[in-house]
Amino acid sequence: MTDRTATGQRVLVTAAASRIGGLIVAALESDPAIETIIAVDAEAPPAPFQRAEFVRLRDHYAQLARVAAGAAIDVVVDVRAAAALAPLDHAALVDLSDGSDRILDLCGDPEGGVRRLVVLSSTHRYGWDSDLPRFVTEQTPLASREGGSPLLRALAELESRAQAVAAGRDELGLAVLRTADPVGPAGAGLLQALDLLPLFPTVLGFDPPVQVVHEDDLARAAAHVVVAGLDGEYLVAADGTLALTEALRALGVTHAPVLPPWGTGLLSRLLHRTGLRFTQDIAGLLRHGRGIDNRKLKATGFAYRSTTREALATVVPGRRRRLALSAGSVPADNAYDADVEAFLRYSPSAQRPEVPAADEQRHGIAALDADALLALLPSLDADALRALRAHEQAGPRRVRLIAEIDLVLAER
Amino acid sequence: MTRGPEHLPVVETDRDLDDWGRSERLSRTLDRTLWDAAYKYWYRARLEQPRRVPATGGALLIVNGGGTASPVTALLAKALREKHPQRRDARPCADPELLDHPGFAVALKRAGVVAAHADDVRRLLADEDELVVIGVRTDRLHDDAVEGDLARHPALRAAIEAGVPVVPVVARGIDDETHVVARLPLPGGRELPLGLGVPALGSLSAAALLPGAVDLRVLSPITPDARGDETGETERIALSVARRLRHELDDMRRARRSRWVR
C-alpha cells in the first residue's frame, strides 16, 4: 500500500453518466480529501452532480488528454467496464478498447501528471472453470482468454493493457478492482439476464454459489481505493455467498431446474452463434457459480454496508428497473442541462447555494440512514413522498433515495 | 494487510445455508437419523483417544478406508460429534470431480462436504478453525502409492501451508467387512470394486456394506514445520502418516477376533 492519502487529489472519472459512474462520483464528492472531480462520458448524465464538473467527450474520449491536462488530473478512475456490466450493455463492452487507447495514452505519458490509474474490472475475469476454488481470491489464477467468452476477453484486454502501461511507467500506480456483479436499480448483472423469461431456468442437479455487491458499496469501495491510495488487485463483493436458488428467492424470481445437467456449454455456444449475448457466462453462472473472498479490501479498512442477501433485496423487479433506466425517469426540473449548469456554476449573476457542512447535513431526516428510509417509502402516501423528495433535493441530495422516491411515485 | 480470520464474512444466523453451502437443517437431520443409525447400529463404531484431536483451531484428519463410496469420513465426523470433549464438528472433504456431478453437487454440499481444493481447505483450516477430514484408500498406504496420492493431496498441502496439525486416524473394519471379489477397470485408470454388495451404486453402495464393528483410533497429531519447503514437508508428513496408519492398522487387525463381532 502506497501512502498517497494526502489531500488535494484531482480525480477524473470515466463513464460518469452511467448509474455506477454517477454513484462513484457522488462517493468521491462526499470525501473532502478529493479536491477536484472531473466526470467525463460520451453522454450527458441524467442529473447534475453536486461538486463534480461534467465534460462531455465524444469520439471515444478523443479530447481526454486536453481535459486531463487542463484540470491537472492525477488520478484516473476507469469505470467503463463496471458501467457496462450492471445493465449488461454488450455494445459498450465491445467498445471498451476504443476508449482504452486514449485513457492509457494519458496514463502512460511520462510527461503527463497522472500518477494513479484505478480500473474497475469484474470477477468474471476468473472465468467459470470447474477447477476454481469455491472462493476466488486475488491470488487465484486468471482464466485464459483463449476460448473464453467475449466478456472475459474484453476484461482480459482491459486489465492487461492497463498493467502493461503501469509496468512501463514506474511512477504510475495501478489498482484493479474486480467487482462482483453490482446490483441495485440499475440491474443485477447476469442474474437479470433471464428475467424477461416467465421462469428462470436453472440446471438440474446444481445449485451454484452466487455473490454480488450493492452498487452503493461498489461506489464507496472505489472511492476508498482512491482516497486511501491503494495499489494492487482487490476483489469487491458483499459478505455472504448464497446458493443460486437463495439468490433467486431474494430477488423474488420464479425458478425451476429445467435445463439438463449435461451439454450446457454446447448449448450456450450454439445460442451465442445465434446472436444471444452473454450465453457462455450465463451457463457458467448456472452450472458453476462463484464465491468471492473479499477480505483483502476489508483489511484496508473498508466496511461493506450490505450483505449479498440485503443487496439483492434492494433490486427492483424488471418492470420497475426498466422504468428507472428509461429516458425521462429523472424529472425535468432536475435533469442535467449543460447550459443551465454552466450558468449556475460560472455566471456572476448566479447565487450559488451554500453547501451545508457535513455535520449540518446529519440533522433531521438526513440523519436517518438511506436504507432505513428506503424501507419506509412504500408506506408513505404520495404527498409525504413528494415532501421527502423536496427535502432530499434541498438538503442531503442522496441520489439513490431520490431515484427510489421517483420510482415509487411513478408507480402510483 | 492480510486476509485474516478477523475479516471473514458476517454470519447471517437466520440463513439455513452457510457460505460453503452446508444446510444446518439437513446436517442436523442426517446426524440424528442416517449417521446416528450408521454410527450406533450398523457399524457400531468406537472412537479411541478422541482427546488427541485438538480442542480448538484447525486440524486435518486423515483416515484410512476412504474411497468414492466410503462412509468413513462421515462416520469419523459423527464420532467426533459424539465423543470429542468439545463435540467438534468436522467437514468431510471430497474429490472436486465428485462434487461436479449433478445431484451430488447439491446433496453433498448441503450435507457439509467440501471440495478438496487447496485454497478452500486452507481457508477452513487456518481462518475458520475447522476440522477437515480426508479419507485415503487402505490399499494405497504403501510408500510408492503415497508419493502419487497422499503427498499430492491438495488438503494435505493446504494443512502444511496453514501450519495446522495433521492427525492420522486408523479405521479398522470399515473397508474389509465386505469382501471385494473383483475390480472392474474403468477409464482413467480407476477401478470399480465389486463386492458382496455389487454392483456399487456410487455413494448408495455404502448402504450395501455389511454391518460391522468399526474401531476408529486417533493417533498423535503431527505438527508441520515446513520452513519454506512445503513440498518436501508435505511428502515427509504424507509418508509418516501412511506408515503410522499402516502399522497401527496391522496391529489392530491382528488383535481382532472377528470382523463383525467385538
Among A:Ala166, A:Ala143, which is the only one that is out of contact with any Pro (no Cβ under 7 Å at 6 or more places or on another chain) and farther than 30 Å from A:Ala247 by Cβ? A:Ala166
Could you check, for the range A:163-184, whether at least one of its residues is away from chain B (no Cβ under 14 Å), crowded, with 24+ Cβ neighbours inside 10 Å and assigned to a helix (DSSP H, G or I)? no
When every residue in the range B:104-121 that is of a type in the set (Val, Ile, Thr) and part of a helix (DSSP H, G or I) is compared, the one farthest from the other protein chains (Cβ to nearest Cβ) is B:Val121
Every listed condition ((1) on the phi > 0 side of the Ramachandran plot; (2) away from chain B (no Cβ under 14 Å)) holds for A:Arg273 save (1)
In the range B:55-89, what count of residues is obtained for those that are within 15 Å of B:Leu124 (Cα to Cα) and either surrounded by fewer than 23 Cβ atoms within 10 Å (Cβ to Cβ) or modelled with pLDDT under 95 (or both)? 4
Quick test for you: out of B:Pro96, B:Pro102, B:Pro5, pick the one residue that is within 15 Å of the chain's Cα centre (by Cα), surrounded by fewer than 21 Cβ atoms within 10 Å (Cβ to Cβ) and under 23 Å from A:Leu242 (Cα atoms). B:Pro96
Against the condition assigned to a helix (DSSP H, G or I) and surrounded by fewer than 24 Cβ atoms within 10 Å (Cβ to Cβ), how does A:Ala69 come out, does it pass? yes
If you check B:Ser27, B:Ser23, which single one turns out to be out of contact with any helix residue (DSSP H, G or I) (no Cβ under 7 Å at 6 or more places or on another chain) and touching a residue at least 40 places away in the same chain (Cβ under 8 Å)? B:Ser27
In the range A:190-213, how many are of a type outside the set (Val, Ile, Thr) and within 14 Å of chain B (Cβ to nearest Cβ)? 7
Checking A:Asn294 against (1) on the phi > 0 side of the Ramachandran plot; (2) within 13 Å of chain B (Cβ to nearest Cβ), which test does it fail? (1)
Only one residue in A:Leu230, A:Leu218, A:Leu177 is closer than 29 Å to B:His7 by Cα and in contact with a Pro (Cβ under 6 Å, 6 or more places away or on another chain), so which one is that? A:Leu218
Would you confirm whether or not the range A:10-27 contains a residue that is among the polar types (S, T, N, Q), outside any strand (DSSP E or B) and surrounded by fewer than 16 Cβ atoms within 10 Å (Cβ to Cβ)? no
Lone unmet requirement of (1) modelled with pLDDT of 95 or more; (2) within 14 Å of chain B (Cβ to nearest Cβ) for A:Met1: (1)
In the range B:216-231, what count of residues is obtained for those that are at pLDDT below 95 and outside any loop (DSSP other than H, G, I, E, B)? 2
Residues of the range A:215-247 being more than 11 Å from chain B (Cβ to nearest Cβ), more than 30 Å from B:Ala111 (Cα to Cα) and not charged (D, E, K, R), in sequence order, are A:Leu218, A:Ala219, A:Ala221, A:Ala222, A:Ala223, A:His224, A:Val225, A:Val226, A:Val227, A:Gly229
Among the residues of the range A:28-45, how many are assigned to a loop (DSSP other than H, G, I, E, B) and closer than 26 Å to A:Ser97 by Cβ? 4
Part of a loop (DSSP other than H, G, I, E, B), within 14 Å of chain B (Cβ to nearest Cβ) and either polar (S, T, N, Q) or in contact with a helix residue (DSSP H, G or I) (Cβ under 7 Å, 6 or more places away or on another chain) (or both): does that describe A:Pro141? no
Flag for A:Thr264 being within 13 Å of chain B (Cβ to nearest Cβ), in contact (Cβ under 8 Å) with a residue 12 or more places away in the chain and hydroxyl-bearing (Ser, Thr, Tyr): yes
Residue count, the range A:107-138 (criterion: over 19 Å from B:Pro96 (Cα atoms) and either of a type outside the set (Asp, Glu) or within 14 Å of chain B (Cβ to nearest Cβ) (or both)): 18
Counted residues in the range A:50-64 being in a loop (DSSP other than H, G, I, E, B), under 24 Å from A:Leu28 (Cβ atoms) and without any contact (Cβ under 8 Å) to a residue 24 or more places away in the chain come to 3
Does the range A:112-125 include one or more residues that are of a type in the set (Gly, Ala, Ser) and closer than 16 Å to A:Asp74 by Cβ? yes
Could you give me the residue pairs with C-beta distances under 6 Å whose first residue belongs to the range A:78-100 and is at pLDDT below 80, whose second residue is crowded, with 19+ Cβ neighbours inside 10 Å and charged (D, E, K, R) wherever it lies, and which are 6+ apart or on separate chains? A:His90/A:Arg277
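The values are calculated or read from the model by the stated rules, or taken from the named source; none is laboratory data. From a predicted model like this one, the values you see are computed outputs, not experimental measurements. Every residue, glycine as well, gets a Cβ built from its backbone with ideal geometry; the counts of neighbours run over all protein chains shown.
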